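J.: My questions will all concern the structure given below.
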Amino acid sequence: MFITFEGTEGCGKSTLIQNLAQDLRESGKHVVVTREPGGITVAENIRNIILHQSMEPLTELFLYEAARAEHYKKVIEPALRDKKWVLCDRFTDSTLAYQGAARGLDTKMIIKLNEFATEGREPDITIVLDLPVEVGLARAKDPNKFEAEGIAFQNKVRKAYLALAKKNPKRFEVIPVEDVDPEGVCALAIHAIVEKAQALKAQAAKGKKK
């Protein structure tokens, strides 16, 4: 399974991924935990540039896609080929939310670039942790330029995630996390993943019968 985790700043993705990876490993699954931008040396170097240097939105977009192409080909694709579970902190939907909705870049262009960078591969399941942006910004522990963009910017990102989830409910699961502790969030995520994984298996079996 290829599972991605999305949300605004400070929503708790990293904690959820750590807890979920531990549970999956204890159940005998082979798990790869990674992130975007990053996951491999070249992409981690690009990450440092993106998160801490000012630049034009289009430059930012191209850097994300360059990091993604390297990350997908060297980390994600090999892991999936080896039948491992991949848990990725952010993926292509982040680019649609941040560089598309919040930065105002053309969505169709971003979709096409995402397809190039990932060879058309989409996640099997995407978990969106939904949190009021004011709460998330107060909780955020990894200072970067996106936090500094402020509440209006983050609200655009949040609305974009909710719109993406509404458009594609088979892949997305939105989990409200404001009043839920980390263990509770993990339990909700596991429940959602099990349900969606079963639906994917049923869909695949139906396709084989045809």
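J.: Please work out the average accessible area per residue across the chain, using the 1.4 Å probe convention, and give it in Å².
T.: Per-residue value: 52 Å².
J.: Same structure again: Accessible area of segment 1-94 with a 1.4 Å probe: how many percent of it is carbon plus sulfur?
T.: 49
J.: Continuing with this model, one more query. Hey, what do the phi angles of segment 137-150 turn into as Karplus ³J(HN,Hα) couplings, whole Hz, using 6.51/-1.76/1.60 and θ = phi - 60°, x for Gly and Pro?
T.: The phi angles translate into 5, 6, 8, 4, 10, 10, x, 8, 5, 6, 4, 5, 5, x Hz.
J.: Next question. For segment 165-177, just list the computed ³J(HN,Hα) in residue order, Karplus coefficients 6.51, -1.76 and 1.60, θ = phi - 60°, integers in Hz, with x standing in for Gly and Pro.
T.: Along segment 165-177, the couplings run 5, 5, 6, 9, x, 5, 8, 8, 9, 9, 10, x, 10 Hz.
J.: Hey, another quick one. Which residues' amide hydrogens lie under 5 Å from the amide hydrogen of THR126, considering only partners 5 or more residues apart or on another chain, with H built in the peptide plane?
T.: Distant-sequence amide H within range of THR126: THR4, PHE172, GLU173.
J.: Something else about it: What net charge is computed for the residues neighbouring LYS196, neighbours being all others with C-beta under 11 Å from the C-beta of LYS196, Lys and Arg scored +1, Asp and Glu -1?
T.: Spelling it out: positives minus negatives among the neighbours equals 0.
J.: Please report, as a whole percent, how much of the solvent-accessible surface of segment 140-194 comes from carbon and sulfur atoms (probe radius 1.4 Å).
T.: Answer for segment 140-194: carbon and sulfur cover 59 percent of the accessible area.
J.: Given +1 on the Cβ of Lys and Arg, -1 on the Cβ of Asp and Glu, and no further charges, what dipole in debye does the chain carry about its Cα centre, rounded to the nearest 20? Mind showing how you got there, number by number?
T.: Details: 32 positive and 30 negative charges, 231 e Å.
That gives the chain a dipole magnitude of about 1120 debye.
J.: Please get the size of the charge dipole for segment 97-210, origin at its Cα centre, with Cβ charges of +1 on Lys and Arg and -1 on Asp and Glu, quoted in debye to the nearest 20. Can you show the working numbers first?
T.: Numbers: 20 positive and 16 negative charges, 186 e Å.
Computed about the Cα centre, the dipole is about 900 debye.
J.: Once every DSSP H run of n ≥ 4 in the chain is given -39500 (n - 2.57) and the sum is divided by its residues, what mean residue ellipticity at 222 nm do you get, rounded to the nearest 500 deg cm²/dmol?
T.: Calculated from helices alone, the mean residue ellipticity at 222 nm is -17500 deg cm²/dmol.
J.: Taking the alpha-carbon centroid of each part, what is the distance from segment 167-210 to segment 38-97 in angstrom?
T.: Result: 23 Å between the Cα centres.
J.: Estimate the FRET efficiency between PHE116 and ARG81 by the formula 1/(1 + (r/R0)^6), using the beta-carbon distance for r and 25 Å for R0, to the nearest 0.05. Could you put the intermediate results ahead of the total?
T.: Working: r = 20 Å, r/R0 = 0.79.
That gives a FRET efficiency of 0.80.
J.: For the pair GLU56/GLN198, report the inter-label distance in nm, with labels modelled 7 Å from Cα in the Cβ direction.
T.: About 5.1 nm separates the two model spin labels.
J.: Okay, moving on. Let's see if you can work this out: charge +1 on each Lys and Arg Cβ, -1 on each Asp and Glu Cβ, no other charges. What is the dipole magnitude of segment 13-57 about its Cα centre, in debye to the nearest 20?
T.: In total the dipole reaches around 100 debye.
J.: Taking the Cα atoms of the chain alone, what are Rg (to one decimal) and Dmax (as a whole number) in Å?
T.: My reading of the Cα-based Rg and Dmax gives 16.6, 53 Å.
J.: Sticking with this structure for a sec: What list of ³J(HN,Hα) couplings, whole Hz, do you get for segment 15-27 from phi and the Karplus terms 6.51, -1.76, 1.60, once you set θ to phi - 60° and write x for glycine and proline?
T.: 5, 4, 4, 4, 5, 5, 4, 4, 5, 5, 5, 5, 8
J.: Another question, if that's okay. Lys/Arg Cβ at +1, Asp/Glu Cβ at -1, dipole of the chain taken about the Cα centre: which of TYR64, ALA199, LEU164 is farthest positive-ward?
T.: ALA199
J.: Under a plain spin-label model, where a point goes 7 Å from the Cα along Cα-to-Cβ, how far apart in nm are LYS108 and ALA163?
T.: About 1.6 nm, to one decimal.
The values are calculated or read from the model by the stated rules, or taken from the named source; none is laboratory data. Note that the structure is predicted; figures quoted are calculated from it, not measured. In this analysis, Cβ positions are derived from the backbone assuming ideal geometry, glycine residues included, and neighbour counts consider all displayed protein chains. In case anyone asks, the SASA skips ligands and DNA or RNA and just uses the protein heavy atoms, side chains included. Shrake-Rupley method; radii C 1.70, N 1.55, O 1.52, S 1.80 Å.
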